[in-house]
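Before any comments, here is the structure.
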């Protein structure tokens, strides 16, 4: 596994910035290892909801996890408000970095992650394949 560490600046979209980084580094299979930072606003799709909910308060990122690749991301996040109340869900565009977002991504170099429609879930779901091995 190779690790990438970077910081997102205030005012950047968390999801779009992650996607841009994955494309720049050509990461075809990876996972979020760590994220510390804050957002304002946060946009999350809650369990069993089709649309997102926007939270306009300053929020600490309590956790960020998921799979990432140049073909798409599946990220879940928990954020805490100023009184420590936590809400979590699927990360959507519009979650903007408030002070910082320090991110560590682990790349899985022998794999490819893609997304394909799943008739059971109704969403594009993860498909994992091995990268072809190079012969000398």
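The values are calculated or read from the model by the stated rules, or taken from the named source; none is laboratory data. Remember, it's a predicted structure, so these values are computed and weren't measured experimentally. Glycine gets a Cβ as well: all are built from the backbone with ideal geometry, and neighbour counts include every protein chain shown.
Residues of region 94-125 that are farther than 19 Å from residue 43 by Cα, touching a residue at least 60 places away in the same chain (Cβ under 8 Å) and surrounded by 14 or more Cβ atoms within 10 Å (Cβ to Cβ): 104, 105, 106, 107, 108, 111, 112, 113.
Candidates 106, 72: the one that is touching a strand residue (DSSP E or B) at 6+ places or on another chain (Cβ under 6 Å), under 25 Å from residue 28 (Cα atoms) and modelled with pLDDT under 95 is 72. Screening residue 94 on (1) under 16 Å from residue 19 (Cβ atoms); (2) not in a loop (DSSP other than H, G, I, E, B) shows it passes everything except condition (2). Among residues of region 39-48 being touching a strand residue (DSSP E or B) at 6+ places or on another chain (Cβ under 8 Å) and outside any strand (DSSP E or B), the one that is farthest from residue 81 (Cα to Cα) is 47. Looking for something in a strand (DSSP E or B), within 18 Å of residue 123 (Cα to Cα) and either more than 13 Å from the chain's Cα centre (by Cα) or at pLDDT 95 or above (or both) - is there at least one such residue anywhere in region 2-14? No: region 2-14 contains no residue that is in a strand (DSSP E or B), within 18 Å of residue 123 (Cα to Cα) and either more than 13 Å from the chain's Cα centre (by Cα) or at pLDDT 95 or above (or both).
For region 20-38, taking the residues that are outside any helix (DSSP H, G or I) and out of contact with any helix residue (DSSP H, G or I) (no Cβ under 9 Å at 6 or more places or on another chain), the one that is surrounded by the fewest Cβ atoms within 10 Å (Cβ to Cβ) is identified as 26. Among the residues of region 15-42, those identified as under 22 Å from residue 59 (Cβ atoms) and within 10 Å of the chain's Cα centre (by Cα) are 15, 16, 17, 18, 19, 32, 35. Just one residue in the set 65, 78 is assigned to a strand (DSSP E or B) and within 18 Å of residue 126 (Cα to Cα); that residue is 65.
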